[in-house]
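All remarks here apply to the structure that follows.
The values are calculated or read from the model by the stated rules, or taken from the named source; none is laboratory data. Keep in mind the model is a prediction, meaning the values are calculated, not measured. Cβ: placed from backbone, ideal geometry, glycine included. Neighbour counts: every protein chain shown. Side chains included, ligands, DNA and RNA excluded: accessible areas come from the protein's heavy atoms. Shrake-Rupley method; radii C 1.70, N 1.55, O 1.52, S 1.80 Å.
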Amino acid sequence: MKYVFICSPYRPVGEDPETELRKNIDQAKRACRLAVSRGLIPLAPHLYFTQFLDDNDPQERKFGQQAGKEWMVCVSELWVVGDRISSGMEEELKLARLWSIPIKKVKFHNEQEKLYPDRNTVEQLRKEYPAGCRVKLLEMDDIQAPPIGTEGTVVHVDDTGSICVRWDTGSGLNVIYGVDRCVKI
């Protein structure tokens, strides 16, 4: 399996630090979920190291940042998540460029969506995209994605809201809830 480095802001800088921190963490988790759904192993050092290091202690923060950079030696690409590039992210981006690690910008369609849809949303998706219906791909940001406009047959909608499709090209990549887009035809 391939590893992907999740590069996203952690430390809040705005007027409401508690809300911003929660948003930053959720954003990184969504990127990790997307990576896993693509068969990749996400490395998000800011989510990992802040579990036991104090981000407000300069020495511990520096250790966490350095340890995170060490993880970059084994990744196949770096994903930039979010609209703001923090100073820590800038250092990670410089290192990725230096080591010729491909950099990919990851955008979510709706930042307000939860990491996983609730039960009612999943049921609505199952009604809208029943097994056997045909869909056309509108957007999927994945190196292995079928071309935009590819048609396929829905197999089912899983518990995470992903639409599982058997694409006419032979691909089996899912349409990830809140990230990718397709339309029923």
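Considered as a group, the residues in region 140-185 that are among the charged types (D, E, K, R) and free of Cβ contacts under 8 Å to residues at least 60 places away in the same chain include one that is farthest from Gln27 (Cα to Cα), and that residue is Asp168. Please find, within region 18-39, the residue that is most open to solvent (accessible area, probe 1.4 Å) out of those that are within 10 Å of the chain's Cα centre (by Cα) and among the small types (Gly, Ala, Ser). In this case the residue turns out to be Ser37. The number of residues in region 150-185 being over 21 Å from the mean Cα position of the chain (by Cα) and part of a loop (DSSP other than H, G, I, E, B) comes to 5. Taking strands (runs of 3 or more DSSP E) as the structural unit, no element lying wholly within region 43-149 holds at least 2 residues that are open to solvent by 90 Å² or more (accessible area, probe 1.4 Å) and at pLDDT 90 or above. Would you confirm, using the coordinates I've provided, whether Gly149 is closer than 20 Å to Gly178 by Cα and touching a Ser or Thr at 6+ places or on another chain (Cβ under 9 Å)? No.
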